Structure formats: C-alpha cells, structure tokens
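> For reference, the structure I am asking about is given below.
Just so it is clear, none of the values below were taken in a lab; they were calculated from the coordinates. Computed from a predicted structure; not experimentally measured. Positions of Cβ are backbone-derived with ideal geometry, glycine not excepted, and every protein chain shown enters the neighbour counts.
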Amino acid sequence: MKFFHRLSLFILTILFLFLTFVIAIYAFGWLPRVYLPLLLESTYQNLQIGLVSLVLFLLGSWLLQSFISTSNQSVQTIVQENEMGEVRISISALKDLIEQLVLDQPGIKNVKTKFDIKKQIFNIYLKLTVTTNANIPTLSKELGEMVSEYLLKVVGLKVDNVMVMVDKIETLRKSSGSTIRVR
C-alpha cells in the first residue's frame, strides 16, 4: 500500500473513531442533550464544513475503489494474449506449482510463497525451512534460476526477481534408531 493510501486511511480512521466516540458518550448521556443540536445547527450552510466533508467523502470513495480494484487484480494474472483471447492463471495455482517444485529439492523441508505483482513487474518471495546439510547460498541461487526458468517454460510467465529467505534451519539428530527434529 502506498504512503498516500496509508495516510488517507489513517486520517479517515481517526475521524471515524472520534465520531463513534462522540456518539457513544452522547448515547450514554454523558454529553448534555443540548450539544448535538447545537453542533448540527452550527454546521448548517457552513461552506468550510461542507467542503471538508466533500473532500473526506471523495477520499473515502477513492480508498474504497482502490481496495476493491486491487483485490480483484491479485486473484488472477494475465499470462498470454492471442487472437482467440487471453490465458489466465490464478495466484493459488502459481503458488502450488512453485511450492511443489521447491519442495522436490533436497534439503528443503518447508516453503511459503508470496507474490508482488505491479504492472509488468512480477516478484516472488520464498520463505524456506532447510536442513543443516543444505548449502544455503548455492541453494538460493539455484532456486531463483529454477523457479524463473520453470515458470517461463511451463506457464509462459517472465519472473523479474525470486527472493529467497531462510526462515528456519532444522537439525536432524539420530537417537537410538529414531529421528528427532530439533528447532
């Protein structure tokens, strides 16, 4: 989310909290009955309050529209367009493809995948749990290349960056014939 989105959301949230607080204390009778009609009467035909309210309404509408449109775009991504139409693949399908590919590699116990899709830029973040016998720098480089090449070959999707973060390293110890995992 961009800075302006966050700032706008912060301002609208503070105003909403203030408004609900005033309504609550009025409803409980902690604010004299006279204040609310006086407040409403003072705002009648007040150009400044009307303009501020209009700006806040437009800001809220813009935020709502931007949240609705981005959530729709994150569900699908356009992979190819041809004369017959366009080919789409869901983010969950891409996630399943990548996670299966990564988990098939030796030394990897778990993977979590996240995507950052902005216009023509497609970034993939892999969060891994590896075993102690994994060579992490080599594994990271190979995974980045492998995922990029695989998605280009199988799906036709060009990946800009594959970022790998090792979150946990599992140590496997053998004790009296059974394997114990220590984290």
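> If we sort 52-60, 38-46 on the protection proxy, mean other Cβ atoms within 10 Å, highest first, what's the order?
So the order, starting with the most tightly packed, is 52-60, 38-46.
> For THR20 and ASP104, FRET efficiency with R0 = 41 Å and r from the beta-carbon atoms, rounded to 0.05?
Efficiency, rounded to the nearest 0.05: 0.20.
> Then there's this: Of the beta bridges DSSP finds with both residues in segment 88-182, what % are antiparallel, to the nearest 5?
60
> On full extension of the chain, what length is gained from GLU145 through LYS119, given 0.36 nm per residue of separation minus the C-alpha to C-alpha distance?
Using 0.36 nm per residue and subtracting the Cα-Cα distance, I get 7.2 nm.
> Another question, then. Is there a pair in LYS119/LYS153; LYS2/LYS95; LYS112/LYS141; LYS119/LYS168; LYS2/LYS168 whose C-alpha atoms are over 28 Å apart, and which pairs would that be?
Table pairs above 28 Å Cα-Cα are LYS119/LYS168; LYS2/LYS168.
> A further question follows. Simple spin-label model, 7 Å along Cα-to-Cβ: MET84 to LEU152 in nm?
2.5
> How big is the gap, in Å, between the Cα center of segment 6-32 and the Cα center of segment 121-143?
47
> Based on the Cβ-Cβ distance from SER42 to LEU12, what FRET efficiency comes out when R0 is 22 Å, to the nearest 0.05?
For R0 = 22 Å, the calculated efficiency reads 0.45.
> Oh, and also: Return the sequence-ordered ³J(HN,Hα) values of segment 126-139 in whole Hz as given by the Karplus equation 6.51 cos²θ - 1.76 cosθ + 1.60 applied to θ = phi - 60°, using x for Gly and Pro.
10, 10, 10, 10, 10, 8, 5, 7, 7, 8, 4, x, 5, 4
> Lys and Arg at +1, Asp and Glu at -1: add these up for the other residues within a Cβ distance under 14 Å of MET146 and post the number.
Result for the local shell: -3.
> Hey, another quick one. Tell me which label goes with the value of Cα Rg over 2.2 N^0.38 Å computed from the coordinates here: (i) 1.84; (ii) 1.45; (iii) 1.67.
(iii)
> Return the FRET efficiency for the residue pair MET165, ASP96: r is the Cβ-Cβ distance, R0 is 25 Å, and the value is rounded to the nearest 0.05.
The pair MET165/ASP96 has a calculated efficiency of 0.80.
> Restricting to DSSP H runs of at least four residues, report the calculated mean residue ellipticity at 222 nm for the chain, -39500 (n - 2.57) per run over all residues, nearest 500 deg cm²/dmol.
Calculated mean residue ellipticity at 222 nm is -17500 deg cm²/dmol.
> Let me ask something else. Subtracting the Cα-Cα distance from 0.36 nm times the residue separation, let me have the gained length for TYR35 to SER53 in nm, one decimal.
Value of the extension gain: 4.5 nm.
> Write down the percent of antiparallel bridges among all DSSP beta bridges whose residues are both part of the chain, to the nearest 5.
Taking every DSSP beta bridge within the chain, about 70 percent pair in antiparallel fashion.
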